[in-house]
Amino acid sequence: MHNKTLLHNYSYRFIYLMMLISGIVSSNVNAQTSSCNQNKQDSLFMSLAPTPPMGWNSWNKFGCNVSEKLILEMADAMVSSGMKQSGYQYIVIDDCWQTGRDEQGNIIADTLHFPHGIKYLADEIHKRGLKLGIYSCAGSLTCQGRPGSRGYQFQDARQYAQWGIDYLKYDWCSNEGQKAEAAYKTMSDALKACGRPIVFSICEWGENQAWKWGKGIGHLWRVTPDIRDCYQCKFDWGGLGVLNIIDVMADLYPYAGPGHWNDAEMLEIGNGGMSHDEYVTHFSMWAMLAAPLMAGNDLRSMDQETKEILTNKEVIDIDQDKLGEQARRFIDMGDHQIWAKPLSNGEIAVCFLNRSDREWNLNYDWKKHTMYFATDINIYKKEYMIRDLWQHKTIGTTNHSTIHVIPGHGVLMVKLSPKH
Ligand code: GLA
C-alpha cells in the first residue's frame, strides 16, 4: 500500500515535471500571476476618478493655438484664481500639440510651440500641485489631422507615462470603421499596462453609446457632439447648446457613479456667448448631473462673475458628492423642470430649471410631490433646511412653500439638509 502511494506520488511528480518542461504548468502559473496583476491594474484604474474629474481644457477657447507658454500661464492662473483650491486639478492640452512620429514610431511634440518638450511641461505642472492631461485619437489622424494613436497605442501610452502624463482624452476622428468598444479597450489596456495612473476620457461623442460599455474601460465618456457657447442651439454638423446637452443627459443617470461618469462636455462659462443667468444654469446643471467640470475659458483674464461661478464651492460640492448620483428630472412641466440629486449623509440637491424666456414665479409646496427615487428622503416626516447655493443663505424649510422669482433661462439651486 505504502509503496503504491509512493509510486503514485512519483508518477505524479514525473507527469508534473514533463508538464513543466513542455510549458503547460508554467504557462498556467503565468496566466494566474498575470490575471492577478490584471485585477490589481483594473482596481487601481477604477479608483482614479472617484468623483467627476475637474480641470481646464484648451479646446473651447484656443482650438489649435496651444503652446507651452499658454499651458503654463493657465496653470498659474488656475492656482492664483482660487480654482485649484476649489478642486480643479487637470490641465489638459487638447488637439494640435503633436506633429509627427520619428523613425521608431515615437510621437513627436511640436518643438516650436513646446520648446522644452512635454516631460518638462508635466514637471512644471506637477510643481504647481496640478496634473497634466494630453489628447490623442483612436483613428490614424486626430480631428485636426495630426497623428492619432491607431497602431501605436501601447507605444504612446508608455511615452505618456515616461513624460508624466496624468489624463488622456481620446477622440474618434478618422476611426476608419473600427469597433468603438474594441478601439477604446485597446488604449485602456495600454494605459493600464503603462506603469502610471492615467485617467482615461472617452470622446466618441455618444455615437456608440459609450455609457453602455465604458465602465472599466474609461472614467468618463462624452454623450454628445461638441458643445457650443449657446443656451439652446443645434447645428447640422453636430454642435449643441447647454439645454440640448441636458436633454441628452436626462436619461443617462443609471450609467454614472464613482469611477465612471457621463461627460456632458467641457464648460463654456466665461467665453462670452451666453448671459450670466445662462452660465449659472450651465454650471448648476453640470453639478446636478455629476458631470466632469472642465473649464474651457481663458483663466488668465476672467471677470469676477466668471470666477464666482467657476469657484462656487457649494455648487462644486454637489458635483463632487461622494455618492456619485446623477440628478433625475423628477418633474417636467415643459418650460419648468425640477431636478433632484440625492447626496451622501441624507441630504438632497434640488434645481428648479426655468427654460423659458420669462420669469418663473415659483411657489413650491414641498409636501405636494414625492421624490420617489430617493428612499431615505422623506419630506412628509422630516423637516429640511433649504439653502440657496447661489445666494449662500438659508431660505426656509420644507414645512413652508418656497416662493422665489427665477429669471428666464435661470435656476434656483438649493440643498436640503435634515433639520436636527
Ligand atoms: C473633437 C472633440 C473636441 C476637440 C476636437 C479637437 O471635435 O469632440 O472636443 O477635442 O475634436 O480637434
Discussion item. Yes or no: the stretch 97-115 includes at least one residue that is over 13 Å from residue 163 (Cβ atoms), among the β-branched types (Val, Ile, Thr), in contact with a strand residue (DSSP E or B) (Cβ under 7 Å, 6 or more places away or on another chain) and modelled with pLDDT of 95 or more.
Written reply: yes
Worksheet entry | Residue check, residue 271 more than 21 Å from residue 209 (Cα to Cα), within 16 Å of the ligand (Cβ to nearest atom) and open to solvent by less than 20 Å² (accessible area, probe 1.4 Å) | no
Discussion item. Among the residues in the stretch 222-244, are any within 16 Å of the ligand (Cβ to nearest atom) and closer than 24 Å to residue 79 by Cβ?
Written reply: no
Worksheet item: If a residue has to be among the small types (Gly, Ala, Ser) and either away from the ligand (no atom under 14 Å from the Cβ) or outside the structural domain of residue 198 (by TED's automatic domain parsing) (or both) to count, how many in the stretch 128-139 make the cut?
Response: 1
Item to complete: Go over the candidates 287, 349 one by one and state the one that is within 18 Å of residue 258 (Cα to Cα) and assigned to a helix (DSSP H, G or I).
Response: 287
Fill in: Of all residues in the stretch 96-106 being within 16 Å of the ligand (Cβ to nearest atom) and not in a loop (DSSP other than H, G, I, E, B), the one that is farthest from residue 154 (Cα to Cα)
99
Worksheet entry | Number of positions in the stretch 302-346 that are within 13 Å of residue 280 (Cβ to Cβ) and in a strand (DSSP E or B) | 0
Fill in: Flag if residue 87 is open to solvent by 10 Å² or more (accessible area, probe 1.4 Å), within 12 Å of the ligand (Cβ to nearest atom), over 20 Å from residue 202 (Cβ atoms) and out of contact with any Pro (no Cβ under 8 Å at 6 or more places or on another chain)
no
Worksheet item: Among helices (runs of 4 or more DSSP H) lying entirely in the stretch 1-89, which contain 1 or more residues that are modelled with pLDDT of 95 or more and of a type in the set (S, T, N, Q)?
Response: 59-62, 68-80, 83-86
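The values are calculated or read from the model by the stated rules, or taken from the named source; none is laboratory data. This is a predicted model, so every value here is computed, not measured. Cβ atoms come from the backbone with ideal geometry, glycine included; neighbour counts cover every protein chain shown. The area values use the complete protein model at the heavy-atom level, side chains included, leaving out ligands, DNA and RNA. Shrake-Rupley method; radii C 1.70, N 1.55, O 1.52, S 1.80 Å.
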